[in-house]
Amino acid sequence: MKRRVFLGATGSLASVGTLAYTTREPIETLEIRFWLSERAASYDGAVDRIFEYLDALLSLEFWTLDLSFGGTVQVSTEDGARVTSRGEWPAAILSGAIGRRDITPAADVNVLVTDGQMTQAPTGYGLPHIASVGGARHIAALESLGELLSSPDADADRKIVPNRRTTRTMQILVHEIGHALGLGHDHGVSFRYGDAIVATPMLSSYAWTDDYDGDQSRCGTSYADPAGRSRKLSLAFSACARRELADYSGGITG
Ligand SMILES: [Zn+2]
């Protein structure tokens, strides 16, 4: 199942511009493919956890999710943001789109998970249809979604979970996939939940940091004041994000 892929390190972000984008009616099937860096692949369970969580979190009512594992790729950096922002991962997907046989891009989201650090932003990066994030070891350390959602400090219906390194990493994976599908940070919301403030995937930790200017979502929902409150995460996209995703129609042709 594991395929080894060797990537050149000379890609440029500009080359992404040569990908053909199509405009279609809202899609019926959403195709997401994920890859692991070689170091990310050394953590047992990462692939299973990504399958399990993304299947549950991205199987939305307006599409059928086609989720697949693309294999293991050799990259020159484990930095989950730079591997995309400096062009290496986009170049690899581009080369697959124009006929390279060892990488087959998915139509909608092509996401690379690396062994990059998750303590200092940026930890991931998302472009249209292409994204990456670090933290494979934290994803591998996650309990099953069922176990997580049945814990006393979780809310299974709203997919609200404790704010831990493991859960945060999964939320950031969902966040970067959201960017790949055209979502911005202002599609996210934060809200009061008991004594806590909950941040949805697109707002994520911007809900409690000063380096974000907005005070309401694109849909007009005011952000909750985080001062003095504990923090929780929702792994589910906000209603605002879901409305945008319902109209998602673009994809890569190759
Ligand atoms: Zn972001």
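The values are calculated or read from the model by the stated rules, or taken from the named source; none is laboratory data. Computed from a prediction, not measured in an experiment: that's the story for all the values here. Please note: Cβ atoms are built from the backbone with ideal geometry, for glycine as well, and neighbour counts cover all protein chains shown. In case anyone asks, the SASA skips ligands and DNA or RNA and just uses the protein heavy atoms, side chains included. Shrake-Rupley method; radii C 1.70, N 1.55, O 1.52, S 1.80 Å.
So here's what we get for this one:
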{"read-out": "Note, ³J(HN,Hα) from phi for the range 194-211, Karplus 6.51, -1.76, 1.60, rounded to Hz, x at Gly and Pro", "value": "x, 8, 10, 9, 9, 10, 7, x, 6, 7, 6, 6, 4, 5, 10, 10, 7, 8"}
{"read-out": "Gain on full stretching of the segment that runs from Asp225 to Asp195 - 0.36 nm per residue minus C-alpha separation", "value": "9.6 nm"}
{"read-out": "Accessible-area composition of the range 29-253, carbon plus sulfur, in percent [1.4 Å probe]", "value": "43"}
{"read-out": "Evaluated at q = 0.09, 0.10, 0.12 Å⁻¹: base-10 log I(q)/I(0), Debye formula over Cα of the chain", "value": "-0.36, -0.45, -0.66"}
{"read-out": "Highest average packing first - 76-82, 214-220, 101-107, 176-182, Cβ atoms within 10 Å", "value": "176-182, 76-82, 101-107, 214-220"}
{"read-out": "Label point distance in nm, Thr77-Glu28, each placed 7 Å from Cα along Cα→Cβ", "value": "4.2"}
{"read-out": "Helix-derived mean residue ellipticity, 222 nm - over the chain, DSSP H n ≥ 4, -39500 (n - 2.57), to 500", "value": "-6500 deg cm²/dmol"}
{"read-out": "The chain - percent relative contact order, Cα under 8 Å, separation 6 or more", "value": "22"}
{"read-out": "Sites Leu60 and Arg101 - FRET efficiency at Förster radius 25 Å, r taken between beta-carbons, to 0.05", "value": "0.20"}
